[in-house]
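First the structure, in the form of structure tokens, and then the observations on it.
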Amino acid sequence: MNEALREEEKKLRMLRFIVDLNQAVLMQQRDLTLREAFDILKSTRRAALNLFPGKDEVFELIYTPRFRRIIRDRFVIVGGRSCK
């Protein structure tokens, strides 16, 4: 395996770890506010783009819907539009 491929796999493992950890925090931290939940989403996006610059669209397609679903399920937003 060449060095570039190893580096790419290392970055992917790091991204998976960051995403999994932050999703677990969103689901399990009881005293989390809605603002803090969206801050976690923003910081996760920032970390992903640091690892993979220019991949904004990929993050928006894959990870943003997952985070928003967790946030929607966790916080009842009166008058909010349905994401279904």
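The values are calculated or read from the model by the stated rules, or taken from the named source; none is laboratory data. These numbers come from a predicted model, not from an experiment. Note that each Cβ is placed from the backbone with ideal geometry, even for glycine, and that neighbours are counted across all protein chains shown.
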| query | Of everything in region 1-15 that's part of a helix (DSSP H, G or I) and aliphatic (A, V, I, L, M), which residue is modelled with the lowest pLDDT? | reply | 4
| remark: By residue number, the members of region 19-46 that are surrounded by fewer than 16 Cβ atoms within 10 Å (Cβ to Cβ) and among the aliphatic types (A, V, I, L, M) are 21, 24, 25, 27, 34
| message | Restricting to region 52-69, name every residue that is closer than 17 Å to residue 14 by Cβ, more than 11 Å from the chain's Cα centre (by Cα) and surrounded by 12 or more Cβ atoms within 10 Å (Cβ to Cβ). | response | 52, 55, 58
| task | Mind listing whichever residues of region 31-51 are over 16 Å from residue 11 (Cα atoms) and either outside any helix (DSSP H, G or I) or in contact (Cβ under 8 Å) with a residue 24 or more places away in the chain (or both)? | result | 31, 32, 33, 34, 37, 38, 40, 41
| message | Checking the conditions here, which among 45, 16 is within 15 Å of residue 68 (Cβ to Cβ) and within 14 Å of the chain's Cα centre (by Cα)? | response | 45
| Pair list, Cβ < 9 Å and 6+ apart or interchain, from region 16-30 residues that are modelled with pLDDT of 95 or more to residues that are assigned to a loop (DSSP other than H, G, I, E, B) | 25/32; 26/32
| message | Please determine whether any residue of region 55-63 is modelled with pLDDT of 95 or more, in contact with a Phe, Trp or Tyr (Cβ under 9 Å, 6 or more places away or on another chain) and among the hydroxyl-bearing types (Ser, Thr, Tyr). | response | no
